[in-house]
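Undergrad: This is the structure, below, for whatever I ask next.
Each value in this text was obtained by applying a stated rule to the coordinates, not by laboratory testing. Small disclaimer: the values here were computed from a predicted structure and weren't measured. Every residue, glycine among them, receives a Cβ derived from its backbone with ideal geometry; neighbour counts consider all protein chains shown.
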Amino acid sequence: MFSSPGVWREFFETYYRDEINKLAGKKLSGVRGSIYVDVTRDLLIFREGKLAEELFENPEVVISHAEQGLASAENIYDVSLEGCKVRFVNLPASRRILIRDLRAEHISKFVSIEGIVRKVTEVRPRIVKALFICTNCGKELLVDQEENVIKPPSECRACHSKGRFLLIPEKSVSVDSQRVKIQEYPENLRGGEQPQIIDVLLEEDIAGEVNPGDRVIINGIVKAVPRGSGKKLVHMDLQIYGNSVEVLQQEYEEFEITEEDKKKILELSEDPNIYDKIVRSIAPSIYGYEDIKLAIALQLFGGVPKRLPDGTEIRGDIHILLVGDPGVAKSQLLRYVHRIAPRSVYTTGKGTTTAGLTATAVRDEVDGRWTLEAGALVLADKGIALVDEIDKMRNEDRSALHEAMEQQTISVAKAGINATLKARCALLGAANPKYGRFDKYTPIAEQIDLSPTLLSRFDLIFVMTDDPDEERDAALAKHILETHELGEKLAKFKNVVASGLSKEALEVESEKVKPLIEPELLRKYIAYAKRTVFPVLTEEAKQKIIEFYLSMRGRIKENSPVPITARQLEALIRLAEASARIRLSDKITAEDVERVIRITKRSLEQIAIDPETGEIDIDYAFSGTSKSQRDRILTIKKIVEDLEKEFEKGVPEKEILEEAEKRGIDKAKARELLYKMRERGELYCPRPDHYRVVHSY
């Protein structure tokens, strides 16, 4: 074997002298750390990659040699690095194995897997060397532990007695240990496949480093673990003994932003066209929808979460709902946001249950304890949750959204666990109207299966309709054809040797659908803004918001509809904060307020205009009943109550309609309202076409 402690010492002293000195400095202050070896950059070029090959094939022996070599390496503090760990990162692509492709041939080999952290256990000590005392002669015995169950010595070395030993946990050698479940990426699955999960054991300084929802690469040794706790079965479970963890998609606070990235971000923020650039970087292959893309940009940057002195918490996350006709690219918009958000979770309503959306208690298969497994909204904490077909969810599953959207927590009470999990995420939902296409003359609340209380929690609701328009349709058709043609050419260039296409010409064509800001840079821009920018309202901005709010509320006269409530005012402030964040400004200006007022008005005009009066009525949007309709309902109820005294077995429909007509309500409208009131349980029919009022006692 080529690997030996001496060869590893040479490797460390050649490539990692600075890191060794830093590690020695930590060791001197009583901290036992790790050294990270870049396999692709350093190990593969050292001695023709022989060490790397042996690491992949015989990891336990090679890692032991590496740690012995590190322990004896020279350092400026002249301390022994015994006990420090060697961790390997950045493995070549050939060692990256899909969880579903792990086989018997990979057992005891060093591999790299990638996936989403589904569940983590708490960090607890694991005994690696158990100290026993012989109860017969008092001799202390140290026994290495490799299995889940503590194994005592077979006999005492001093008095040779058997089976009479007392474990002393406080004198045993323990290490921090944590088990993590990694699930493969859902986007990599083929049709009908279920995402596969593998258990990973993380120990010492890498325990407690990951959270549910993180996208990670785990590098480690594949182990086969017998199934079943009592009888050991012939079928084994695979588990990975983690050597290192590389976190790919983190919370925005943990995003690594270099000085070069910071320079690019600050340059972008000073661009006068920054809003347009960001809008054109969101789903450039989808034509139009500039207002919706700007709203999504504001959602990605988000408002400022606040905690007031009295303990009240006000969310900063912005919730948006897209409602519209089939084929208007709602799902594609959601998918694109999934790509550019620093942290996001995508799910669809049809296959989502309460447990999958929020959290559930599950029994741990190793120790039998009940633990919490996070759902989509908890996994999206400090990020964005994308819920497609939100209207297809069952009512009881949708009810879990209420708490998550306003309080930003998920409460679980099950199997003795009473917990409140954080779900500080923005929600971008998409819904289809019940009857296929959106009808602008019917309230939105009647067209999608969402309760008024849930609808009112969305800061912005946009309607995406597919209306024929010759000029727009021609531009859209041209855009779609050019996009498909470019896709065809790229496929041909990639797969056909003599394609007759030049790389340069394709790059020029690709500019049309290329985002102006690269997704990776945009992700870092968002993370930087959320981490460092906390804008404050200026006097001009406050005045502008007050003017808009009062002008809308000022329309309220006696018996007129309510156009806007305090909830929309809060949404306006959140959006204005996000607008200032986009240009990395610590001040919210009047210009920010004007920008978000335009978007808010656009949203209200789409969902809250009463078709009868032409006025904005917020109740019409969220409850489906406009002020004018509410007045007519009260009139009809009064008519039935007044006539009940004359008709013992219910008031005939004909009498009600005639009286309604006298009071200015059209007969067809009155009949429609009668049926609606009967459905809602305000009226009942003691016999056909006869009505009485339902009285509550």
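Undergrad: With mean projected area of the Cα convex hull in nm² in mind, check [x] 36.6; [y] 45.5; [z] 33.7 and report the label derived from this structure.
TA: After the calculation, the listed value that fits is [y].
Undergrad: If you don't mind, another one. Using Cβ contacts closer than 10 Å as the measure, can you line up 98, 550, 569 from fewest to most?
TA: 550, 98, 569
Undergrad: Now a separate question. If one takes the longest principal axis of the Cα atoms in the chain, at what angle in degrees, from 0 to 90 and to the nearest 10, does the Cα axis of helix 590-607 lie?
TA: 60 degrees
Undergrad: Hey, fewest Cβ within 10 Å first, where do 319, 479 land in order?
TA: By the 10 Å Cβ count, ascending, the order reads 479, 319.
Undergrad: Return the subset of 151/223; 434/478; 109/162; 223/524 for which the Cα-Cα distance in this structure is over 28 Å, preserving the input order.
TA: Result: 434/478; 109/162; 223/524 exceed 28 Å.
Undergrad: Then there's this: Cross-link partners among lysines for residue 22, C-alpha distance below 21 Å, same-chain residues fewer than 8 apart left out?
TA: Output for residue 22: 85.
Undergrad: Arrange the peptides 285-293, 419-427, 486-494 so that the one whose residues have, on average, the most other Cβ atoms within 10 Å appears first.
TA: Packing proxy ranking, top to bottom: 419-427, 285-293, 486-494.
Undergrad: Then there's this: Show me the chymotrypsin sites (Phe, Trp or Tyr not before Pro) within the stretch 427-488 that DSSP assigns to loop and that have at most 12 other Cβ atoms within 10 Å of their Cβ.
TA: Here the sparse-neighbourhood loop sites are 435, 441.
Undergrad: Follow-up question, since we're still on this one. Helix 470-495: angle to the longest alpha-carbon principal axis of the chain, degrees 0 to 90, nearest 10?
TA: Helix 470-495 sits at roughly 20 degrees to that axis.
Undergrad: Let me ask something else. Which Cys residues of the chain have no other Cys beta carbon under 4.7 Å away?
TA: 84, 425, 685
Undergrad: For the stretch 44-56, just list the computed ³J(HN,Hα) in residue order, Karplus coefficients 6.51, -1.76 and 1.60, θ = phi - 60°, integers in Hz, with x standing in for Gly and Pro.
TA: Per-residue couplings from phi come out as 5, 9, 7, 6, 6, x, 5, 4, 4, 4, 5, 4, 5 Hz.
Undergrad: Here's a follow-up. Placing unit charges on C-beta atoms (Lys and Arg positive, Asp and Glu negative, everything else neutral), compute the dipole magnitude of the chain about its Cα centre in debye, rounded to 20.
TA: Its charge dipole is roughly 1600 debye.
Undergrad: Follow-up question, since we're still on this one. Quick one: helix 5-15 against the long Cα principal axis of the chain, what's the angle to the nearest 10°, folded into 0 to 90?
TA: 50 degrees
Undergrad: Can you give the FRET efficiency to the nearest 0.05 for residue 501 and residue 339, using r as the Cβ-Cβ distance and R₀ = 41 Å?
TA: With a Förster radius of 41 Å, E is 0.95.
Undergrad: Amide H of residue 223: which non-local residues (sequence gap of 5 or more, or other chain) have their own amide H closer than 5 Å, using H built in the peptide plane?
TA: Hits under the 5 Å cutoff: 108, 239, 240, 241.
Undergrad: A follow-up question, please. Based on DSSP H runs of at least 4 residues, each adding -39500 (n - 2.57), what is the mean residue ellipticity at 222 nm of the chain after dividing by all its residues, to the nearest 500 deg cm²/dmol?
TA: Taken over the chain, the calculation gives -11000 deg cm²/dmol.
Undergrad: Modelled label-to-label distance, residue 586 and residue 161, 7 Å Cα→beta-carbon offset: nm?
TA: 7.2 nm
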